[in-house]
Each structure stands twice: as structure tokens, then as C-alpha cells.
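Colleague: Here you go, one structure.
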Protein chains: 2
Amino acid sequence: MADDHEITPWEVSNTFQEAQYEKIAKEFGAKIIDEGLREEIKYLAGEVHRFIQYDIFFAHRDLDQLLDGYKKGRKFYLYTGRGPSGKMHLGHLIPFMFTKWLQDRFDVDLIIQITDDEKYIFRDTSEADLKKYTQNNILDILSLGFKPEKTHVMIDSDNSNLLYNYGIRVAKHITASTVKSVFGLKDSDNIGKFFFTSIQSVPAFIVSAITGHNVPCLIPYAIDQDPHFKISRDILPKLGYEKPASIISKFIPSLKGSGKMSSSDETSGIYLDDDNKTIKRKLMKYAFSGGRDTMEEQRRLGANPDIDFAFNTYRMLEPDMTKVSKIYEEYRSGHILSGEMKMLAYEKITEFLETLNSRRDAVLKNMDDYRFNPERFL
Amino acid sequence: MADDHEITPWEVSNTFQEAQYEKIAKEFGAKIIDEGLREEIKYLAGEVHRFIQYDIFFAHRDLDQLLDGYKKGRKFYLYTGRGPSGKMHLGHLIPFMFTKWLQDRFDVDLIIQITDDEKYIFRDTSEADLKKYTQNNILDILSLGFKPEKTHVMIDSDNSNLLYNYGIRVAKHITASTVKSVFGLKDSDNIGKFFFTSIQSVPAFIVSAITGHNVPCLIPYAIDQDPHFKISRDILPKLGYEKPASIISKFIPSLKGSGKMSSSDETSGIYLDDDNKTIKRKLMKYAFSGGRDTMEEQRRLGANPDIDFAFNTYRMLEPDMTKVSKIYEEYRSGHILSGEMKMLAYEKITEFLETLNSRRDAVLKNMDDYRFNPERFL
């Protein structure tokens, strides 16, 4: 990674700090979600999802225009994705939880792209592992409860015919200079890396390509994916398609407190298949705490919940915002100790994972219903 | 094209001369076909095709090893291709005529890759034209009389699933530096160009990939395609496949005398769909002649048949080498005049094209029989 690329889809600098998000978003040319847009979302969706209220989804491109169109009867579709690089952490589900909310509230189709080709090109995962991750990750994601009739899981290797045939149309408009400057690629990188962004652009216009008329696309993603979609927005109008709109999230802090959760570091997060004992141990032993060093200090000075992994995880999983406010206040003021905060998170997490697990068998049985198929859009 | 790249698959320098072939072949690391190898071919094929005797197919890589294996019972398959960039010239058929001979004499399968994706990426052809060229070019090639049961036409856009899924395995081992130095690509070139060579490598191992055991591959091609297969030979062993062998031809001189025939210059060659009047006019008006300026000089000094378009075309299309030798001598010694040589070529060409045309309807009707389908190899 070049020194001047603090965020690329494949690496995030260790020095990356919370305070940089707005700066980065602005440098990338995205807009911060403001009060007016929140009002609009509330009007159309009936509520503003807590992830927006908590500033986790904090920026956007043309979301206002997309919602204007929606008000006038123009349905959009959602596109998000995952590179199947290993077992999933809780944090990996955040964008999908939010996407599910969008799907439910706006009653729209959703394409979930699984970029197994990307992982093959960028990592040294064996093909057998890649297959396993792909299946498990899809199962994890779908266990959130996506509607089969409006959800389209597009595994890249199963759909490379469409992806390559449309991908070269995108590729024709992207120079090597561009991917070097946008992603920090070098001449020593393989040509699969140079080409890949073309493939990730395709789902942003595939419904328009299939149906033969422009269908607006909204892409929820974490900010590290922004370079891809910045390129999509440049190229798609040249192919006769609309620029996709986007809604952009921050990274979910890792268990240890900063940066992006990694799939390869055992202690960087809580895996969806961790058992209760492991979850408790990880929370107690590794979870970055905003609390004080001693119980006495904590009682007297209170914690900083904003940087506390346990509190943040609790907040993510608890839909009742009044309850969350109360916990925030009690923790901040020293009424709740670090250990107690961790136990609250522990209960929330295990309850959440139980719900997920209870759905897995049914999803597994109906996996084919979610498969991407162009004919489902006709 | 960089100044130091006299031959790439997409451009050939105007200053390129016949005398440079051996030098280029050696620089590319290919071997000249020697007497020993000709003997071997004669032993196995029953004859040495005139294109080898005429030094049109003049170089190779590992053809000796491939034939050794064949003697021991290891069947190989053939792979060649065409970028559908326009109407086909006579010269474009030369490698296919030779490939058909190989197929017949060794009784082997043949994959003909039609790189419509390449033409899309490298040229500004409209998609409608590209479709038309693809269909017409395939029809032209198949009219040479390939056996449907052993011939597999692989249109890239119809097979991009396989091509991309296997192509990324190749791409992972090729750096941007390599394609820059081998093809003269620059940072200002599009990323489709950077990636493309991966796609052209795939047919060189696809039969091994499909069947699960190594099947040797022999690729007949014109020397401008060598950079692609030099790369294939570097990468395939890293993927567990054998290096493909190759047999390499010179360019067929254009009507006007030098360089590579172009599909875009009306007068650079004789189109397969030129009518007899056009063919006669092109030969008389544009064909580069090795004859003298006046009839008197020609009678006295004789012609240089080696650089004469009419003679070379006649030679290419006349299987009777004794007859060709006789004409060569008569033309060289001044017994035949330029105009007479052109008429001899004219008769040969029109007769050849009539045979081709008489087969087109039957081929068109059975087009599907030739379609590439992995299951045909199982």
C-alpha cells in the first residue's frame, strides 16, 4: 500500500483515527448525512435507523436524489457485498443489518455480491478454503433474515459470464494510471488486481442492463470500498447508465479498539461461531475498555463509552435507543463498571447469535431461492 | 506502441522486414524448424506441409517434444484463434489452412478461440459490428472444411465464465510490469488491455483443466501472437499444467508487399467476399510485383518471385509443389510476364474461393455442431 493511501479496500493504515472520517469522506467527494436528509429518510422509511443516528452510516453520494425519485415512484435496488476472506465477525454484519433495514423499509430488491474472485486475486487463500468461506459467509449473512423473493446472492465465480462481459465495458474506460492512483497499485502487482474493480462495478448497473431501462442503484458500504464506487460513478454514465447512489459507513472498531476488524486475527473480534465461553473470555480479556483503571476511579470519574467495545457492541445490537441512552449515562457517570458493561454486551451478543443460529437450517435448506438469476428481474 | 516493440499482437512496425524473422524468433526464444524436425513431421504425418517447406511456418517451441510424446501415444490438441476485427483476407486463412492439415494428419481436437472481447477492448468497433464479424469470420474459417466432431469454436463472450474463472489463475502470476515490457502497454492504456493476455492463455490448458489430466497443446500462430504464448509458457507450469508447444508462422505479405495484412485497409489484401472483377482489379492495380518495369527487361532479366504477391498467393493455394517450382523457374527466368503471373494467381484464387463458398451453406446450417462445450471433452 502506498504511504498516501490510508484507506484502500484491502488495507487500512494503523494510524487511521475516528476523527479522520469526515475529512476522508470529504476528500473522497462524499457528503455528510445532514438533518434534512434524516428528515427525508424518516418521512419515507417511517424511522431513521439507529446506525444513522449513531453516525455509523454517516456519509452518502446522491442519496437525496435517489429518495426524491423514490417519492415520485422510481423504485431503486440495493447492492452490497462481501469478500469471503474467512469466518465472519459481528462487525462484518453491521452493513448487512443496515441493508436489511433498507430492504424492508423501502421494499426493494437487493444484490449481495460475493467477490470470491477478488479474494483469490488478492490473497493466498486455497481454493478449497475459499469455497468453504463463501458458503459459510452467505449462510451467516442470510441468517439475518433477508427476504428470499427480493434477495439475489451473486457469487462472482458462478456469474463470471455476465460479470466479465459487462466488466470489460467498464474496464475500457479505466486506465492503469487511475487504478494506481486510486488503489495505490504498483507495476509489481498482478494484472488481476488491475482489472478487478471493473467486476465490482457491474452489479451497480446490472439490473438496468438486464431490464433494458435505467433502475437506480443504492450501495451501502464501509468507507474502504469507496474507491471502487467512485470509479463506478465516473464510468457508468459513459455506458449510458445512471451513477449509483451510496450510503457510507465507518469501520466497526475491532475488539482491541481501533482500525478495521480483521478476519485473520483471532482476537480482533467476536466470530459468529464463537461459543458463549469464548465470547465471554474475549470480552473480559481483550475488549478495549473506555472504563477507568480502578473501580474507585470508575465510580468517581465514569467511563468513556464512545471508545468502549462492549458499549458499542451493545448499542449496535439493542434496537431500543432509550435503553441505550440510559446505559450510556450510567456507564459514563460511573454507575456501571467495565465488567458490568461487558456482561451487558455479553448477554446482547449471545441472544443475537442465538437468533441467527435458529434461522440457519431453514436458510441452508432454501439457499437456491436466493441465487442471483437475471431472469428474476424480468 | 513503444518504439522498442516492433511486433505486438496489435501492431506491427512498418519498418519490419522479412530478414528480421529469424532474429525475432531467436530473440523470442523460439527455435527454427530444422531438417531433423522436418524428417520427424514427415515420418508422423506422411508429408511435410508446403507451408513448412516454404518456410512460412518457420519456428517452434517444443514441437519436437510434443511429437516424441505423440509417437509414444500421447495425443495432443490444437489451439488457434482469431480476433474478429473485420472481413477476412486470404492471408488470414493461411494459419487455418495449416491447422486443418495438422488436425487431419494427426487426427486431433482443435479449439478455435474467437477473441471478440479482445477486439472490444483494443478497438473501437461497435458491438453490432463485432457480432457480425464474429459470425462471418467463423463461417469463413469453418468453410475450409474442419471436422465438426473434432472442432470446437470458442467465442470468448459465450464462454467468459470458464475464461474468466481460469483467467484469474493466470493473471495472479502476471505483473503489470510484465505486460508493459512484453506488449509495450503504458499506464495510459485501459485495464482491460492489461488483463487480456490471461484470457488468451486459458485455451492452452482448458482441456487439461476440464479432463483433470494433462493433455499436451500445440498452438499454430503468426509471430505477432508470440508474446501471449511466451507468457503462457511461463505461467502454466505454476498452475500445474504443461507448457504449450507452438509452431510459428511469418506474416502473410499484404497485397502491397510488406508488413501484416490489415482488415481495415481495403487494398491491403483480397477479401474472401470480393467478386471476381474486384479480385482481378486488385491484382492488376495494387498487387506488389517482383517483375521488371518493362516487358523487354522482364524477358531479359526475369522476375523476383519471392517478393511477388501474385506468385506467393499462387504458391500458397497450389498444393502441387512441382507445378509451383515450374512456375517459379519460368517467372524467374522471364518466360512468364507479370500480367501472366497475376492471371495464374487470379485463377487459383477464384477457384479456391468458389470451393469455400460452395461449403458455406452446409456449415451455416450445422454451426452449432462446432460450438465449444466442455462436455465434448469428457
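The values are calculated or read from the model by the stated rules, or taken from the named source; none is laboratory data. Please read these numbers as outputs of a predicted model, since none were measured by experiment. Quick reminder, even Gly has a Cβ in these numbers, built from the backbone with ideal geometry, and neighbours come from all protein chains shown. All accessible areas refer to the heavy atoms of the entire protein, side chains included, with ligands and DNA or RNA removed. Shrake-Rupley method; radii C 1.70, N 1.55, O 1.52, S 1.80 Å.
Colleague: If you project the alpha carbons of chain B onto the principal axes, what extent comes out on each, in Å, largest first?
Modeller: Principal-axis extents of chain B (Cα, largest first): 64, 49, 45 Å.
Colleague: What are the residues whose amide H is under 5 Å from the amide H of B:Ala222, where those residues sit 5 or more places off or on another chain and H is modelled from the backbone?
Modeller: B:Ser249
Colleague: Taking the Cα centre of chain B as origin, work out the dipole magnitude from +1 charges on Lys and Arg Cβ and -1 charges on Asp and Glu Cβ, in debye rounded to 20.
Modeller: Here chain B has a charge dipole of around 400 debye.
Colleague: While we're here: Under 15 Å Cα-Cα from B:Lys326, which aspartates and glutamates qualify once same-chain neighbours fewer than 8 residues away are excluded?
Modeller: Once the sequence-local aspartates and glutamates are set aside, what remains near B:Lys326 is B:Asp306, B:Glu318, B:Glu340.
Colleague: Another question, if that's okay. Using a cut-off of 13 Å between alpha-carbon atoms, which aspartates and glutamates can reach A:Lys23, once sequence neighbours fewer than 8 places away in the same chain are excluded?
Modeller: Within reach: A:Glu6.
Colleague: Rounded to whole Hz and in sequence order, give me ³J(HN,Hα) for the range A:136-149 from the Karplus expression 6.51 cos²θ - 1.76 cosθ + 1.60, θ = phi - 60°, writing x for Gly and Pro.
Modeller: Each residue's phi maps through the Karplus curve to give 5, 4, 4, 4, 4, 5, 5, 5, 5, x, 4, 6, x, 5 Hz.
Colleague: Short version: ³J(HN,Hα) in whole Hz for each residue of the range A:118-130, in order, from phi by Karplus 6.51 cos²θ - 1.76 cosθ + 1.60 (θ = phi - 60°), x for Gly and Pro, what are they?
Modeller: Ordered by residue, 3J(HN,Hα) equals 4, 5, 4, 6, 9, 10, 9, 6, 6, 5, 5, 4, 4 Hz.
Colleague: Can you compute the charge dipole magnitude of the range A:333-378 about its Cα centre, using +1 on each Lys and Arg Cβ and -1 on each Asp and Glu Cβ, nothing else charged? Give it in debye, rounded to the nearest 20.
Modeller: In debye, rounded to 20, the range A:333-378 gives about 100.
Colleague: Would you compute, for the Cα atoms of the range B:187-338, the largest minus smallest coordinate along each principal axis and list the three values in descending order, in whole Å?
Modeller: The Cα atoms of the range B:187-338 stretch 64, 40, 28 Å along their principal axes.
Colleague: Hey, what number do you get for chain B at 222 nm if only DSSP H runs of n ≥ 4 count, each worth -39500 (n - 2.57), divided across all residues, to the nearest 500?
Modeller: Mean residue ellipticity at 222 nm (helix-derived): -15000 deg cm²/dmol.
Colleague: Would you list, by chain and number, the aspartates and glutamates whose Cα falls below 15 Å from the Cα of B:Lys71, excluding same-chain residues fewer than 8 positions away?
Modeller: Qualifying aspartates and glutamates at Cα under 15 Å: B:Glu39, B:Glu40, B:Asp62, B:Asp107.
Colleague: Would you mind checking the pairs A:Lys150/A:Lys243; A:Lys75/A:Lys132; B:Lys75/B:Lys256; A:Lys87/A:Lys285; B:Lys131/B:Lys256 and listing those with alpha carbons more than 31 angstrom apart?
Modeller: Beyond 31 Å between Cα atoms: A:Lys75/A:Lys132; B:Lys75/B:Lys256.
Colleague: For peptide B:110-119, what's the mean number of Cβ atoms from other chains within 10 Å of each residue's Cβ?
Modeller: Working: counts 0, 0, 0, 0, 0, 0, 2, 5, 1, 0.
That average works out to 1.
Colleague: Total Å² of accessible surface buried at the B-A contact, 1.4 Å probe, nearest 100?
Modeller: Heavy-atom accessible area buried at this interface is about 3000 Å².
Colleague: Could you give each residue of the range B:182-188 its phi-based ³J(HN,Hα) in whole Hz, using Karplus coefficients 6.51, -1.76, 1.60 with θ = phi - 60°, and x for Gly or Pro?
Modeller: After applying 6.51 cos²θ - 1.76 cosθ + 1.60, I find 7, 10, x, 6, 10, 4, 7 Hz.
Colleague: Averaging sequence separations of C-alpha pairs under 8 Å and six or more residues apart, then dividing by the length of chain B, give the relative contact order as a whole percent.
Modeller: Rounded, it is 20 percent for chain B.
Colleague: Average partner chain C-beta neighbours within 10 Å, per residue of A:183-193? Please list the in-between numbers first.
Modeller: Values: counts 0, 0, 2, 3, 8, 4, 3, 12, 20, 11, 7.
So the per-residue partner count for this stretch is 6.
Colleague: Here is a further query. Using a simple charge model, +1 on the beta-carbon of Lys and Arg, -1 on the beta-carbon of Asp and Glu, nothing else, what dipole does the range A:266-362 show about its Cα centre, in debye to the nearest 20?
Modeller: Approximately 120 debye in magnitude.
Colleague: Within the set of other residues whose C-beta is less than 14 Å from the C-beta of A:Phe96, count the net charge using Lys and Arg as +1 and Asp and Glu as -1.
Modeller: Local charge sum for A:Phe96: +2.
Colleague: Enumerate the amide H contacts of A:Val215 below 5 Å, restricted to partners 5 or more residues apart or on another chain; note that Pro and chain-start residues carry no placed amide H.
Modeller: Amide H neighbours of A:Val215: A:Ser208.
Colleague: List the trypsin sites (Lys or Arg not before Pro) within the range A:175-233 that DSSP assigns to loop and that have no more than 16 neighbouring Cβ atoms inside 10 Å.
Modeller: Filter output for the range A:175-233: A:Lys186.
Colleague: Below 10 angstrom from the Cβ of A:Ile114, what's the summed charge of the other residues (Lys, Arg +1; Asp, Glu -1)? Please report the intermediate quantities before stating the final value.
Modeller: Values: positive: A:Arg82, A:Lys119; negative: A:Asp116, A:Asp117, A:Glu118, A:Asp156, A:Asp158.
Surrounding charge for A:Ile114 is -3.
Colleague: Could you list which residues have their amide H under 5 Å from that of B:Val153, counting only those 5 or more apart in sequence or on another chain, with H placed in the peptide plane?
Modeller: The answer is B:Ile112, B:Arg371, B:Phe372.
Colleague: Around B:Asn159, with a cut-off of 14 angstrom between Cβ atoms, what is the net charge of the other residues, counting Lys and Arg +1 and Asp and Glu -1?
Modeller: -4
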